Amino acid sequence: MMSIALALTIIAAGPEGPALRGRVESVIAKSGADVAVAFRTLDGREALLINPDVEFHAASTMKVPVMIELFRRAKAGSLRLEERVPITNEFHSIVDGSPFALSPGDDSDAGVYAHVGDTMSYRELCEAMITVSSNFAANILIEHLGAKAIQRTTDDLGASGMHVLRGVEDTKAFDKGLNNTTTARALMTLMEKIASGQAIDTASSKEMIAILERQHFASRIPAGLPPGIRVAHKTGEITKIQHDAAIVFADRPYVLVVLIRGLQDEKQGSALAAEISRLVFHRSAQ
C-alpha cells in the first residue's frame, strides 16, 4: 500500500482552487486521520485531488461497482431486475471455497434475513445493498454476478483503482489480507460515469442515481450541504474507516469522494467528511 506521505498529489483547477486546497488540507491535518479527497465538477472546470491514488479498504463503497454490474447485465438481457432469486445464508470463501454465513447482528440491516428460505428480486436486493448497505444483499449479488465480472466492468470504466475481490465477512480471506480496496480517484470515476450516463446508458444511470439518492445514512457529505440539495451517494464504514462518495446536484453539479482512515470514533470521521463537504460546496464564497 502506498504511503500517504509519499503519495500526496494535489491538483486544483479554477480561481478558487488554491484557497480550497489550503482549507481542506488544514482540517485534514487537525484531524490526525489519513484522508483522500477527489472532487471534480461534472463540466471538468474545477478539481481537487488529495492522495487520489492511495489505497484504502473499500468497505461498503465497493457496492457501487456491484450495482453497476447488475444494471449492465440487465441491459445486456442476461438477467431481469424483477427476476427473483433464492435467499440463502451461505457463501463461499475465495481462499478455499469453504462455506460461511453472515450474522444479522453484524449487518447494518436485518431486513434481507427475514427472507431466508424465500426469494427476492435483483432490484430489491440492490435497493437494500445501497440504501441500507445490507451486506447480506451484497453477498448474494456478488455470488450471482461473480467478483471477476464485476472487476472487469470496473476496469473497463477506467476505475482500476477499485478492487472487488470478494463479499463481506470472508474471514479466511481477511486473515490473508485479501480485501476489497479503492482509491478516491477510482470512486470519483465511477460516480462520474453514473452521473454522465456513461456507466451503461442514460436510462440505467437515472435508475442508479435514484437508488443512491435513497441512501439512509446522511451524516457525511450530505451533512455539509445546505438543506434541499440533491445528493446521490454511497457510504462505507468499518473499524477506523469512514467513507462517502457522492454526486452533488448543486447549481454546478460535482462528484465528491472522501475516504477517511484512522479515527476510532465514527462520529469524528463523519464530522470530518461533513466539514470537507461544506468547504467544497462553499468554495466560491470563502
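The values are calculated or read from the model by the stated rules, or taken from the named source; none is laboratory data. All of these numbers come straight from a predicted model, not from anything done at the bench. Glycine gets a Cβ as well: all are built from the backbone with ideal geometry, and neighbour counts include every protein chain shown.
For Gly105, the conditions (1) more than 19 Å from the chain's Cα centre (by Cα); (2) over 24 Å from Ile241 (Cα atoms); (3) not in a loop (DSSP other than H, G, I, E, B) all hold with the exception of (2). All of (1) at pLDDT 95 or above; (2) under 19 Å from Ser31 (Cα atoms) hold for Pro226 with one exception: (2). Selection within the range 145-164: residues that are assigned to a loop (DSSP other than H, G, I, E, B) and in contact with a helix residue (DSSP H, G or I) (Cβ under 6 Å, 6 or more places away or on another chain). The member of this set that is nearest to Val54 (Cα to Cα) is Gly161.
Name the residue that is nearest to the chain's Cα centre (by Cα), counting only residues in the range 167-210 that are in a helix (DSSP H, G or I), over 25 Å from Glu127 (Cβ atoms) and free of Cβ contacts under 8 Å to residues at least 24 places away in the same chain.
Among residues in the range 167-210 that are in a helix (DSSP H, G or I), over 25 Å from Glu127 (Cβ atoms) and free of Cβ contacts under 8 Å to residues at least 24 places away in the same chain, the one nearest to the chain's Cα centre (by Cα) is Phe174.
The listed residues are Asp106, Asp155, and the only one of them that is under 17 Å from Phe91 (Cβ atoms) and outside the structural domain of Leu259 (by TED's automatic domain parsing) turns out to be Asp106.
Screening Leu79 with (1) touching a residue at least 24 places away in the same chain (Cβ under 8 Å); (2) in a helix (DSSP H, G or I) gives one miss only, at (2). If you go through the range 20-38 and pick out every residue that is surrounded by fewer than 18 Cβ atoms within 10 Å (Cβ to Cβ) and of a type in the set (S, T, N, Q), you end up with 1. Residues that are surrounded by fewer than 24 Cβ atoms within 10 Å (Cβ to Cβ) and either in a strand (DSSP E or B) or touching a residue at least 40 places away in the same chain (Cβ under 8 Å) (or both) within the range 235-246 comprise Glu237, Ile238, Ile241, listed in sequence order. Scanning the range 232-270 for residues that are in contact with a strand residue (DSSP E or B) (Cβ under 8 Å, 6 or more places away or on another chain) and among the basic types (Lys, Arg) returns Lys234, Lys240, Arg252, Arg261.
Within the range 89-106, how many residues are surrounded by 13 or more Cβ atoms within 10 Å (Cβ to Cβ) and over 20 Å from His144 (Cα atoms)? Quick ask: steps written out before the conclusion?
Applying the first criterion (surrounded by 13 or more Cβ atoms within 10 Å (Cβ to Cβ)) to the range 89-106 yields 89, 91-95, 100, 102, 104.
Within this subset, residues satisfying the condition of being over 20 Å from His144 (Cα atoms) are 104.
Selection size over the range 89-106: 1.
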